[in-house]
Protein chains: 2
Amino acid sequence: MSTIEDVAKLAGLSRTTVSRVINNHPYVSATKKKLVHEAMEQLGYVPNSSARSLRIQKTETVAVFIPRVMNPFFSQLIETLEMAAAARNYQLIVCQTQYSAKKELNYLNLLKTKQVDGVILASHENDWELIEPYLQYGPIVLCNEFDNKANVPMIYQDQVYGGYIATMHLIEQGNSLIGYCTGGHYSSVGTAREKGVKQALKEAGLCFEEKFAFRNVYNIEHGRQVFHWIKGMNERPTAIFTGSDEVAAGIISEAKKYRWNIPVDLAVIGFDNQAITEIVEPNITTVHQPVTEMAEKAMEVMYEKINSKDYKTKEIYQFPLKLIVRGSTVSNNLEKCSSIPKSIS
Amino acid sequence: MSTIEDVAKLAGLSRTTVSRVINNHPYVSATKKKLVHEAMEQLGYVPNSSARSLRIQKTETVAVFIPRVMNPFFSQLIETLEMAAAARNYQLIVCQTQYSAKKELNYLNLLKTKQVDGVILASHENDWELIEPYLQYGPIVLCNEFDNKANVPMIYQDQVYGGYIATMHLIEQGNSLIGYCTGGHYSSVGTAREKGVKQALKEAGLCFEEKFAFRNVYNIEHGRQVFHWIKGMNERPTAIFTGSDEVAAGIISEAKKYRWNIPVDLAVIGFDNQAITEIVEPNITTVHQPVTEMAEKAMEVMYEKINSKDYKTKEIYQFPLKLIVRGSTVSNNLEKCSSIPKSIS
DNA sequence: GTGAAAGCGCTAACAC
DNA sequence: GTGTTAGCGCTTTCAC
């Protein structure tokens, strides 16, 4: 393992000059630059990043917190974030909190110990009061989450509107008994969607029935379960908002086993617009989230914060959601003329 | 940001003693230990990891190379690897090579610059000759890949056997014209499976028809395409080995649009046993890979290599694959009595 | 048991 | 344009 000193010696120059060449600083003559490059080549020299990090107080690494990778929504987020990081010569450390507040706090030490330059929270389990103190060590950016108490950049989607358009669509299809599923973990996403769902119901003169609310539901298996709960009810919903394509797929898959006709016996709407929506029969009506754009923006903002040192300002970047109508809510797959407004702000 | 020096001063002790306390070294009196802990607490002190890394020449971080996160197989691998890393107080950096040999080489510099202690290759695009030199900088472990030229630990699954049992199953169901799909990227996985497929065909007195081999096929959309290719053929295969549940799902989904009866008109077998296999109708027959066990073993071996400094020894850890029979290959979903051997080594 | 001091490899004042 | 030098914050001999 050769060091900058070795290179300097071999080139007959000082460490400073070598360092200047490495970091592309001006004021180095072409001759010496060449000399340095030759020496580096010959020694197979590469700067040691721990030493560099220690000196410049930057690691060029950011951490992203998610509950778990296997959730397709978060896989997609990680995929895009990694590419956005790579484009800026940054590394991405993945931290799975597994919905544990304690694990989250533990991972936040990465910021405190300066192992990462910043943290992107794509989920958070702790109250903001507990997270806030870490801001003294580096920037924290919310991505896909919103927290009113947080004075940091927040890049997210208008989930209230998402819940609203999804529910409004179900109502327009003639449903008046509408079920509702939610992940149940502490998250602004679920809360916001529920708000939108309620608003749509209210505008239609319907009410949110707690008996039709299924909580702690977030994967295929849970979806199957939900179907059985519905099946066992005396009064059943005729449509259900699931908040996730996987839950929707689970419900539909199980319903078909019992020869229910989707959407006639039960209309089902997903969320995320994952690949599975076009595999399940009927295809799943869903709400598309611009994950790629959101992730790209989050990394852009993070990069900027790292270099600006101003971490404690609230900045809002809101991305739009879009309803995608498919067969799981309408018998005829054609999108109808809709009266749903473009925004409900 | 307080340093070890600040703690030492506040406690009225030397840096050495503080360091000993931090690292749980022996020979520190209980009194001083308490003093140090109090000082650390009071200052909110946490050791700086760059400084520590520079000094001990370890970062407690490993990188994992995958083509991309969105592939469910790799999502699962990342998920498990991250947990295995966290259990050992290691961080995981995700590197998406996107099937690019150049990107892969670039990411390998993480090892050279000592930004990571080791690299887990879950895919590799470059010839081993090009990767091998990086071994002088730290351990490299193959996970899910096998390379005969590589003298490093390899944790993988018997893909030859996987291709074999899948194909043998199709043959047992009475198919004699069997199609074959492969991802097509430089990978031992595809090559091994093809070998297994060919061996099964040979044993059954059938031959591998190149016209039924679809290459560069690895997602749902490709699956749909494959269906159309098959549909356009004069002589069509009656069954197809896909090498991926997503491709299988794509084929089945598209076939159903054209009212083909799966498995009667076309039997389809997937690979990986992802959640989608139980959502698609009929459910997809597939080959289960013990990803969790494999990932856990890979991290265990990596951890050991990092601490042993012996990187250049070939070690083989092979995990078994298992056929899971569902409706996409047999009209009757019950698993039949099979004559497929437990191993073909 | 404890402390002084060297040094991991690098960058950036500052001097020339 | 180039070199000297002082640390970044930590661990670890070595001496006491």
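Every read-out reported here was derived from the displayed coordinates using simple, explicitly stated rules and does not represent laboratory data. Predicted model only: the values in this text are computed from it and were never measured. Neighbour counts run over all protein chains shown; Cβ positions are idealised from the backbone, glycine included.
Of note:
- Shielding by partners - mean other protein chain Cβ count within 10 Å, residues of B:106-118: 3
- In Hz, Karplus ³J(HN,Hα) per residue of region A:169-176 (6.51, -1.76, 1.60; θ = phi - 60°; x = Gly, Pro): 4, 4, 5, 4, 7, x, 8, 10
- Alpha carbon Rg of region A:4-47, scaled by the compact-globule rule 2.2 N^0.38 Å: 0.96
- Whether chain A is rounded, prolate or oblate, judged on the alpha carbon gyration tensor where a/c under 1.5 counts as rounded: prolate
- Estimated dipole of region A:187-345 in Debye, rounded to 20 [Cβ of Lys and Arg +1, of Asp and Glu -1, Cα centre]: 360 debye
- Other copies of B:Trp128: label-to-label distances in nm, shortest first, labels 7 Å along the beta-carbon direction: 5.5
- Interatomic Cα distance distribution for the protein assembly as shown, bins of 20 angstrom, percent: 16, 44, 32, 8, 0
- Under 18 Å from a label point set 7 Å out along the Cα-to-Cβ vector of A:Asn151, the amide N atoms of region A:97-138 belong to A:128-138.
- Per-copy distances of the B:Leu177 label point, shortest first, in nm (7 angstrom along Cα→Cβ): 5.1
- In a simple Cβ point-charge model (Lys, Arg +1; Asp, Glu -1; nothing else charged), region A:4-47 has a dipole of about 200 debye relative to its Cα centre.
- Tensor-based shape of region B:78-124 (alpha-carbon gyration tensor, a/c under 1.5 rounded, otherwise prolate or oblate): oblate
- Using alpha-carbon coordinates, inclination of helix A:188-203 to the longest axis of chain A, degrees: 30 degrees
- Taking the C-alpha atoms only, the angle from helix A:291-308 to the longest principal axis of chain A is near 40 degrees.
- ³J(HN,Hα) computed for each position of region A:225-238 - Karplus, 6.51 cos²θ - 1.76 cosθ + 1.60, integer Hz, glycine/proline x: 4, 4, 4, 5, 5, 4, 4, x, 7, 6, 9, 10, x, 9
- Sorting A:Phe73, A:Phe208 by the number of Cβ atoms found within 10 Å of their own Cβ, with the fewest placed first, yields A:Phe208, A:Phe73.
- Considering only chain A, percent of DSSP beta bridges that pair antiparallel, nearest 5: 10 percent
- Annotation: lysines with alpha-carbon distance below 23 angstrom to B:Lys9 (same-chain offsets under eight excluded): A:Lys112, A:Lys114, B:Lys32, B:Lys33, B:Lys34.
- With the charge dipole of region A:74-152 set up from +1 on Lys and Arg Cβ and -1 on Asp and Glu Cβ about the Cα centre, the Cα lying farthest toward the positive end among the listed residues A:Pro133, A:Tyr90, A:Ala150 is that of A:Tyr90.
- Helix B:245-257 and the longest principal axis of the Cα set of chain B meet at an angle near 40°.
- Taking a sphere under 11 Å around the Cβ of A:Tyr27 and counting the other residues whose Cβ falls inside, with K and R at +1 and D and E at -1, yields a net charge of +3.
- Dividing the mean sequence gap of close Cα pairs (under 8 Å, 6+ apart) by how many residues chain B holds gives a relative contact order of 16 percent.
- From phi via Karplus (6.51, -1.76, 1.60), per-residue ³J(HN,Hα) for region B:48-60 in Hz, x at Gly/Pro: 7, 6, 5, 4, 4, 4, 4, 6, 8, 6, 8, 10, 6
- Whether region B:137-231 is rounded, prolate or oblate, judged on the alpha carbon gyration tensor where a/c under 1.5 counts as rounded: oblate
- Over region A:163-286, relative contact order from alpha-carbon pairs under 8 Å, at least 6 apart, %: 26 percent
- Per-residue ellipticity at 222 nm from helix content only, as computed over chain A with -39500 (n - 2.57) for each DSSP H run of at least four residues, stands at -13000 deg cm²/dmol.
- Cα centroids of region A:286-303 and region A:78-155: 15 Å apart.
- Distant-in-sequence amide contacts of A:Thr285, defined by a placed amide H-H separation under 5 Å and a gap of 5 or more residues or a different chain, comprise A:Gly270, A:Arg326, A:Gly327, A:Ser328, A:Thr329.
- Neighbour net charge for B:Pro67 - beta-carbon separation under 14 angstrom, K R +1, D E -1: -3
- Label-to-label distance, A:Ala30 versus A:Lys322, with points set 7 angstrom from Cα along the beta-carbon direction: 5.1 nm.
- Shortest-first nm distances, B:Asn234 label point to equivalent points in other copies (7 Å, Cα→Cβ): 6.8
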